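Worksheet for the structure shown next.
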Amino acid sequence: MKAIGFIGYSNSGKTTLIEKLIPIFRARGLRVSAIKNAHHGFDMDRPGKDSFRYRDAGAEQVLIATAARWALLTETPQRSATLDELLDQLAPSDLVIVEGFKSEGAIPRIEVRRLPGLTSPSEPPIFPRDANVVALAADHPVETLLPVLDLNDPDKIVSFITTMLQLPAPRV
């Protein structure tokens, strides 16, 4: 599977950008999956629900299924799963979009940057510390040798990714 990562500081617009990119890739006929790294813990379960009770009783994995979707919850108390391990869990797709994992794996990444302000404090660039960064998506001019993509032009970002990863041409 081909994957592209999006990295950047909190409130830089990574999730918003990915939300715009997925439907464009889908409209081109591509199957898209996504992985999000959450630095703060999360739990899909709620106390009292059967799946929570199974995990609480010691089940290492619990699969919850409905007619419309299923989710596999896996406990990893010894160590966090690596990006490669998570990628291996996904069903085949044309593209996996990864948010976060800026220090893991060798997938190409686009650094998302916003003009420093109220929602995005001034932070040092992640590139060149991360050699996997292949471009920046920014809402302001950035001085770099890398391609700088307009954060507000998701169609051009899709074109860049399509060319770089040699994704299939749009399917009609």
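Miscellaneous remarks
- Volume per residue of the convex hull around the Cα atoms, evaluated for the stretch 58-172, comes out as 191 Å³.
- Ranked by the mean number of other Cβ atoms within 10 Å of their residues, highest first, the peptides 49-55, 140-146, 108-114 fall in the order 108-114, 49-55, 140-146.
- About its Cα centre, the dipole of the chain is roughly 400 debye, where the only charges are +1 on Lys and Arg Cβ and -1 on Asp and Glu Cβ.
- Kirkwood hydrodynamic radius of the stretch 1-120, from the reciprocal of the average inverse Cα-Cα distance over all distinct pairs: 16.5 Å.
- Rg and Dmax over the alpha-carbon atoms of the stretch 23-80 stand at 15.1, 45 Å.
- For the chain: relative contact order, % (alpha-carbon pairs under 8 angstrom, 6 or more apart): 34
- Listed by chain and number, the lysines placed with their C-alpha closer than 27 angstrom to that of Lys20 are Lys2, Lys36, Lys102, Lys156; residues fewer than eight positions away on the same chain are left out.
- Exposure proxy order (Cβ contacts within 10 Å, fewest to most) of Leu72, Leu17: Leu72, Leu17
- Inter-site label distance for Ser103 and Lys36 at 7 Å from Cα along Cβ, in nm: 2.3
- With K and R counted +1 and D and E -1, the other residues having a Cβ less than 12 Å from that of Ile35 yield a net charge of -4.
- Within the shell defined by Cβ-Cβ distances under 11 Å, the residues around Tyr54 carry a net charge of -2, with Lys and Arg each +1 and Asp and Glu each -1.
- Convex hull volume of the C-alpha atoms in the stretch 72-118, normalised per residue: 156 Å³.
Readers should treat all values here as calculations from the given coordinates under stated rules, not as data from a laboratory. Keep in mind that what you see is a predicted model, and the values were worked out from it rather than measured. Positions of Cβ are generated from backbone atoms using ideal geometry, with glycine treated the same way; all protein chains shown enter the neighbour counts.
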